[in-house]
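Report on one structure; see the data block that follows.
The values are calculated or read from the model by the stated rules, or taken from the named source; none is laboratory data. All values derive from a computational prediction rather than experimental measurement. With ideal geometry, Cβ positions are generated from the backbone for all residues, glycine too; neighbour counts draw on all protein chains shown.
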Amino acid sequence: MVFVTDVGFGAWSWGWQHAALTGEFETVVWDLRGTGRSDAPEGPYDVATLAQDLETVLSAAGVASAHLVGAGLGGMVALAYADRFSRSRSLTLIGTASSGEAVTDRLEALRASPDDEVALRSSLDAAIVADPAAHPAVVDDIVSWRAADDAALGGWDAQAAAMRSFRSPPLYEIRLPTLVLHGTADVIVPVEVGESLAEGLPRGEFRAIEAGHACYVEDSGAVTDAIADFVADGE
């Protein structure tokens, strides 16, 4: 199972799913170019290049086939990858749009420098709708992880450009089993966009999560269970 991150987020963002699913699956979490331990060449980037990066990662790791799980930009990368390459067994797309035109201006609210703790904390408001004051220790941990792992502003901007310029391949050509998960309160990619994506995929299945854009963080248990059940049903 291979996890593909959203704009700017580091590998920390898949920590809950990775911890729960490792053992049942061999799991791979990688940093998009511009993030964390990956190189950060000058942008803007495009999704086709990020999909090629994923193919390079899987080839180097000796992964013959994989269930791809992508969030936001990562879901776009998974769609493009499935269209061009042959290692995918299934797709789970979280908070994903088939076109960058569907991404709202609230995407910019996620932009924060890893060196700016105040910005890292306040930018979570665009990703999570739960009251941060109700979970202060978790929020503190997330801010710390973001400071260590997230993209610097140059990488964030280059990845955001890739998200905004994305146009999916014809959805009817992507015939893999696909689970579309979407936060009902997503202000970055509205939930109706996720519903439309699932409807356009020949083997698409939609499930709503009562959360925001980063529903896999906010309601990690529900998302993890949905992924595990979906993949098990397809085995």
Only one of 92, 104, 56 is touching a residue at least 40 places away in the same chain (Cβ under 8 Å), of a type in the set (S, T, N, Q) and out of contact with any Phe, Trp or Tyr (no Cβ under 8 Å at 6 or more places or on another chain), namely 104
Subset of the range 81-95, residues among the hydroxyl-bearing types (Ser, Thr, Tyr) and closer than 15 Å to residue 51 by Cα, comes to 81, 86, 88
What single numbered condition from (1) touching a residue at least 24 places away in the same chain (Cβ under 8 Å); (2) buried (at least 18 other Cβ atoms within 10 Å of the Cβ); (3) over 16 Å from residue 152 (Cβ atoms) fails to hold for residue 18? (1)
Kindly check whether there is at least one residue in the range 127-142 that is buried (at least 24 other Cβ atoms within 10 Å of the Cβ) and out of contact with any Phe, Trp or Tyr (no Cβ under 7 Å at 6 or more places or on another chain). yes
Determine if the range 127-136 includes at least one residue that is over 15 Å from the mean Cα position of the chain (by Cα), charged (D, E, K, R) and closer than 18 Å to residue 211 by Cα. yes
Matching residues in the range 192-211 (hydrophobic (A, V, I, L, M, F, W, C) and surrounded by fewer than 19 Cβ atoms within 10 Å (Cβ to Cβ)) number 2
Counted residues, the range 58-107 - those being surrounded by 24 or more Cβ atoms within 10 Å (Cβ to Cβ) and either aromatic (Phe, Trp, Tyr) or modelled with pLDDT under 95 (or both): 1
Test residue 186 against the criterion of being acidic (Asp, Glu), under 15 Å from the mean Cα position of the chain (by Cα) and either within 23 Å of residue 46 (Cβ to Cβ) or surrounded by 16 or more Cβ atoms within 10 Å (Cβ to Cβ) (or both), and give yes or no. yes
Is the range 110-120 home to any residue that is surrounded by fewer than 20 Cβ atoms within 10 Å (Cβ to Cβ) and within 19 Å of residue 184 (Cα to Cα)? no
